Amino acid sequence: MDADLLSDTFVELADTMVADFDVIDFLHLLTARSVALLSASAAGVMLADPRGELRVAASSNHAAGLLELFQIQNDQGPCLDCFRTGQTVTAIDLAGPGQQWPRFAAAATQSGFRAVEALPMRLRNQVIGALNLFRADPGPFDPAELRLGQALADVATIGLLHERNMRRNETIAEQLQAALNSRVVIEQAKGKLAERLGIDMDQAFTLLRHHARNSNQRLTNVARNFLTSASADFPPPPPPPPPPHRTSAQG
């Protein structure tokens, strides 16, 4: 494990007191670093809206985001159970017999995921969502990794709640609702950019995020400007890396 990346991650997740704090970018950081630091193939975050209903807030890739949405639409899955109970929920082989969530298990395996670990985002008795870790291979996560994953979820939760307290004129429900509304705009911009450049949704999001950071703008503002401006321009995606050189001995 990269110790520098680990320490940087905790510092960034704890630093929510900046004036231009961006909830969507913050949650994307959580999912991206969860994949980078743990043996997860993908990660997603669900957060409760003002009515207490779960919404997809962020995902490390498009496939994980669709799977999170599938759980909400079908009202079944480990991530929903995790949020409702406030406890960790584990599924070590989604292709095995006797599935607790048959529709979710079928959708997950079709998407290339065989195991999932849902970790509550909570502070004492207050549960605001869940961090969900997906793996391509069946089997449990290492206990040490689960402790680290829960620590990431806990720090992110504390950061979100602390940021709320720093802005006393907002409630946590209003803040999360604004973040969820922003995500809709970002998803629309991803789709438009992907179609325009002939790239996939994950590459489109990377371009939007890099443009926001390089131009010192909020991600939501970049997405909204791109949707409303016919002249919005982004650099083309980088070419794919060349295939590895194969020697005659490798066949």
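The values are calculated or read from the model by the stated rules, or taken from the named source; none is laboratory data. Nothing here was measured: the structure is a model prediction, and the numbers come from that model. Note that each Cβ is placed from the backbone with ideal geometry, even for glycine, and that neighbours are counted across all protein chains shown. What goes into the accessible areas is simple: the full protein's heavy atoms, side chains included, and nothing from ligands, DNA or RNA. Shrake-Rupley method; radii C 1.70, N 1.55, O 1.52, S 1.80 Å.
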Taking the Cβ of F141 as the centre, find all other residues whose Cβ is under 11 Å away and add up their charges (Lys, Arg: +1; Asp, Glu: -1). -2
Share of carbon and sulfur in the accessible heavy-atom surface of segment 49-134 [1.4 Å probe, %]: 47
In nanometres, the difference between 0.36 nm per residue of separation and the alpha-carbon distance of A95 and Q217 is 39.6 nm
Farthest positive-ward along segment 42-174 dipole, Cα basis, beta-carbon charges - from T109, L54, A95: L54
So, with points 7 Å from each Cα along the Cβ direction, the L197-N181 label distance in nm works out to 2.8
Given a Förster radius of 35 Å and the C-beta distance between E53 and D4 as r, what FRET efficiency does 1/(1 + (r/R0)^6) yield to the nearest 0.05? 0.35
So how do 79-87, 52-60 stack up, highest first, on mean other-Cβ count within 10 Å? 52-60, 79-87
Work through the residues other than V89 whose Cβ is under 12 Å from its Cβ and net out their charges, Lys, Arg +1 and Asp, Glu -1. -1
